[in-house]
Amino acid sequence: MTKVNRGASIPLILSDPYFSIWSPADRLTDCDTQSWTGKEQPVRGYIQIGDATYRFMGADDLIPAIAQQDLEVTATQTKYTFANEVVHLELTFSVDLDLQDLQKISEPVTMITVKADVKNDEKAAITFAFSEEICRDKTQEPLHWHKITTDDEKMVWMGKRRQTPLDSTGDLIDIDWGYLYLAAPSSLAITYQKQREMLLAHFPIQSGQATTILAAYDDIHAINYFGTACNALWKENYSGMYDLLQNYLINLPARLANCKKIDDKIQQASITSGGKTLDFITAFSYRQSICAHKLIRDEQGEIVFLSKECSSNGCIGTVDISYPSLPLYLLYQTELAKGMLRPVYKFAALPVWEFDFAPHDVGRYPYATGQVYGEITNQGDEGWPDRGAYGTVYDYYQLPVGQNVYHYEQQMPIEESGNMLAMAAAIYLRDGDDQFFNQHLKTNLRWADYLATFGQDPENQLCTDDFAGHLAHNCNLSLKAITALAMFGKALLAAGYEKEGALYSKRAKEMAAIWQKTAIANGEHTPLSFDRPDSWSMKYNIVWDNLFELGLFPAQLMEKEIKKYLAEANEFGIPLDERADYTKADWIMWISIFAQNEEEMEKIIQPVRHYLENTPNRVPFSDWYDTKNAKVMNFKNRTVVGAMFMPLLKQALVKNLVKA
């Protein structure tokens, strides 16, 4: 387990972008819990021992807090330890996020376990209080609640009287529909009651024995997928939340044991690949990356795994969000990686998308109804509707050709085409799924031709690091085009397309040779852009050459680059490039695979841990931060932290555990 003292927010109750509760404080009793958006969604906890009551979770000045002794975070669990003169208390939040089981990662259920060792065996009881704010966002509409009691379980649900699922979209917003559920086995003498704006769960505990209750959220409908209201995948196997929670209560020991199994597996792989520092980082990343997605199945019965671009614009299915997160899913579950790409292929095939390059996104969460990035809005009678802070997104997917929906200059032609091609190829080289590869071959060939034509020296355009603005002659963006073409060529050859594979592989090597002549000006490091020879930037897009042995660039190239990066590093990490002190943690972890030894690896990744432990901003793991003061720039709770698993992916490829 990873012991934590302070720093970034701590994951507690997570399932998807709408049910995500964190602790932003050093101690769980310092303040109330929050949604990842920063809105308070209080969950409070109390223990009664004899005539005394102590608070172990949330803010409540009327009840004294019990001292927090320890905090441990693993891939699937967060464990707090408290103690005073009369009790030693353990509180654990567990989510059975097994990437080998798609149903499990779709289930919006958190197991909350308490275990207390009470001195003198005095009678003890636990009370949890869940705020109404968990079930609503922009309204103050009253909520109602209802108890369900049978011979096998005791449940309660709470939600708005009038439900309007999928009635709004946005970035920093929380769910405004659905039902919060609490559940416990019938053997537990639990009682539920409503007290003002809190739903209370009260139950006795036995000293030395662990007791587990469940907290879950039913969002009714999950995603508007090109005009179809789709449910979360878990509803395929269960008639509803009552049915799902029944299953959980029956299988609690197995569920908790599986969490431990996942934790041990990821911890062992992390330590092998990057020591205790990497173990710390991946423990903070696993739940966040998975739970910033929503998992559904489309009308063709195929898996669709949709990210929310949290705290950057709220887009859904953003290509350059999927790209950095890919290592986690390429390592443990390629079906989810395919699920990231399917909605992009679907939208790109529609008449409204008229470009020869890949889209940026497929809508704004939870509306996958057509790209919103770079849309033309607010132009009087001729403009497309401004979607505002709330409300829904226009159904761009239904429009015919010739509607002039998007600003060309706001697109990411090389970025997204390279991302899609590299991801599709990596997936195929990982699992050899001919059906998926061939299904989208025509589209990929078109994007490959675009990269072959325009990727050598990119014109002035945006890349994934769009906060830095447009940049012409971007060396790293050129690397993306080159490595994506080489990856695609290798995948084509593996799939039996020898002519096409040879063609794109040859083109990639030609481009790589030109790149080296134009980029390596001073012999020591490569520049940010071809026209600025004395500049520098992290060349994270070159990783594919290393991972899949493409033979594009000499090993000495990145050896020199790493030396330059470490020479430019600040206390909390390597800056993204020379233009600013900020960095992206995902790209630091990508380039870490070029470390020549354990010592160099530690120099690259330890500052990321240092940042997580010392950032003054108590938010979920932010991938964009200042390397001098550890302050968060903006982003939080994004799926891109799947990038932290890049060293594990590299180690697996080296050991031939993954097909390459």
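The values are calculated or read from the model by the stated rules, or taken from the named source; none is laboratory data. Model, not experiment: these values are computed from the prediction. Virtual Cβ from ideal backbone geometry, glycine too; neighbours counted across all protein chains shown. Calculation scope for accessible area: heavy atoms of the full protein, side chains included, ligands and nucleic acids excluded. Shrake-Rupley method; radii C 1.70, N 1.55, O 1.52, S 1.80 Å.
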Margin query: Need the failing condition index for K235 against (1) in contact (Cβ under 8 Å) with a residue 24 or more places away in the chain; (2) over 19 Å from T76 (Cβ atoms), just the number.
Written below: (1)
Checklist line | Which numbered condition Y18 fails, given (1) in contact with a Gly (Cβ under 9 Å, 6 or more places away or on another chain); (2) of a type in the set (F, W, Y); (3) open to solvent by less than 10 Å² (accessible area, probe 1.4 Å) | finding: (3)
Note to self: Please determine whether any residue of region 129-139 is in a loop (DSSP other than H, G, I, E, B), modelled with pLDDT under 95, open to solvent by less than 10 Å² (accessible area, probe 1.4 Å) and on the phi < 0 side of the Ramachandran plot.
What the structure shows: yes
Item checked: Checklist (1) aliphatic (A, V, I, L, M); (2) free of Cβ contacts under 8 Å to residues at least 40 places away in the same chain; (3) assigned to a strand (DSSP E or B) applied to L12, failing item -> (2)
Next item on the list: Can you work out which of the residues in region 88-119 that are in contact with a helix residue (DSSP H, G or I) (Cβ under 7 Å, 6 or more places away or on another chain), among the hydrophobic types (A, V, I, L, M, F, W, C) and not in a loop (DSSP other than H, G, I, E, B) is surrounded by the fewest Cβ atoms within 10 Å (Cβ to Cβ)?
Entry: L102
Notebook entry, point to check: What number of residues within region 64-78 satisfy the criterion of being surrounded by 19 or more Cβ atoms within 10 Å (Cβ to Cβ) and either touching a strand residue (DSSP E or B) at 6+ places or on another chain (Cβ under 8 Å) or among the acidic types (D, E) (or both)?
Noted result: 9
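Taking G50, is it open to solvent by 20 Å² or more (accessible area, probe 1.4 Å) and either among the aromatic types (F, W, Y) or over 19 Å from R287 (Cα atoms) (or both)?
Details: open to solvent by 20 Å² or more (accessible area, probe 1.4 Å): yes; either among the aromatic types (F, W, Y) or over 19 Å from R287 (Cα atoms) (or both): yes.
The answer is yes for G50.
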Item checked: Among (1) of a type outside the set (A, V, I, L, M); (2) surrounded by fewer than 20 Cβ atoms within 10 Å (Cβ to Cβ); (3) in a loop (DSSP other than H, G, I, E, B) - the single one Q435 does not satisfy -> (3)
Next item on the list: Working only within region 457-469, note down all residues that are in contact with a helix residue (DSSP H, G or I) (Cβ under 8 Å, 6 or more places away or on another chain) and open to solvent by 30 Å² or more (accessible area, probe 1.4 Å).
Entry: D457
Item checked: Number of the exception - F621 against (1) touching a Leu at 6+ places or on another chain (Cβ under 8 Å); (2) farther than 28 Å from I316 by Cα; (3) assigned to a loop (DSSP other than H, G, I, E, B) -> (2)
Notebook entry, point to check: List, please: which pairs have Cβ atoms under 7 Å, are six or more places apart or on different chains, and start with a residue in region 163-191 that is in contact (Cβ under 8 Å) with a residue 12 or more places away in the chain and under 16 Å from F128 (Cα atoms) and end with one that is of a type in the set (G, A, S) and open to solvent by less than 40 Å² (accessible area, probe 1.4 Å)?
Noted result: L180/G159; Y181/A216; L182/A201; L182/A215; I190/A184; I190/A201
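Among the residues of region 292-319 satisfying the criterion of being among the charged types (D, E, K, R) and more than 18 Å from P17 (Cα to Cα), which is surrounded by the most Cβ atoms within 10 Å (Cβ to Cβ)? It would help to see each step written out before you state the result.
We begin by selecting, within region 292-319, every residue among the charged types (D, E, K, R); these are 294, 297-299, 302, 308-309.
When the remaining residues are screened for being more than 18 Å from P17 (Cα to Cα), the result is 298-299, 302.
Numbers: D298: 18, E299: 9, E302: 15.
By that ranking, first place goes to D298.
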Next item on the list: Answer yes if at least one residue in region 318-335 is touching a Pro at 6+ places or on another chain (Cβ under 7 Å), part of a loop (DSSP other than H, G, I, E, B) and under 20 Å from D171 (Cβ atoms), and no otherwise.
Entry: no
Check: Going by the conditions given, is A210 of a type in the set (A, V, I, L, M) and open to solvent by 20 Å² or more (accessible area, probe 1.4 Å)?
Finding: yes
